[in-house]
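Rule-based calculations on the coordinates, nothing more; no lab input. Everything quoted here is computed from the prediction, not taken from an experiment. In this analysis, Cβ positions are derived from the backbone assuming ideal geometry, glycine residues included, and neighbour counts consider all displayed protein chains.
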Amino acid sequence: MSLWQMIGLGAVFAVLAAVLFIWGVKKEEDPSTAVERKMMNAAGSKVEKYLKKHDTITTAEIENLVKGTKVKKAWSRQVLQVQNARAFTKGLVKFLLEQQVIESADRKDTYKLHHSK
């Protein structure tokens, strides 16, 4: 195979890879929804990790735990950070209850790991 054939083959491969990459980005779900889900998963992981070492967690403890949590948008320099921990925690608790990561404990505003975890 000559040098020019190898260069041509490399160029075709690069163009094909770029087209597939762009197509994948366009097919990706709404970017704002993806970042929101990524933020919920990051904060949820913190709560789950905490509950593996402790029996229960209160809403106030969740607020302190997730305050300042940051996630980065894919293929971007933009960083999303939890500013209002109280408002975010309400949505996070609802999300974690729906995903059956946590369940209500005996006291009000207190949660524990779901029994199957």
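Remark: Glu98 matches the filter, which requires a residue to be without any contact (Cβ under 8 Å) to a residue 12 or more places away in the chain and closer than 18 Å to Ser45 by Cα. Of the residues making up the range 52-72, those that are closer than 14 Å to Gly91 by Cβ and aliphatic (A, V, I, L, M) are Ile62, Val66. Examine the range 14-30 for a residue that is over 18 Å from Leu113 (Cβ atoms) and of a type in the set (Lys, Arg), and state whether such a residue exists. Within the range 14-30, one or more residues are over 18 Å from Leu113 (Cβ atoms) and of a type in the set (Lys, Arg).
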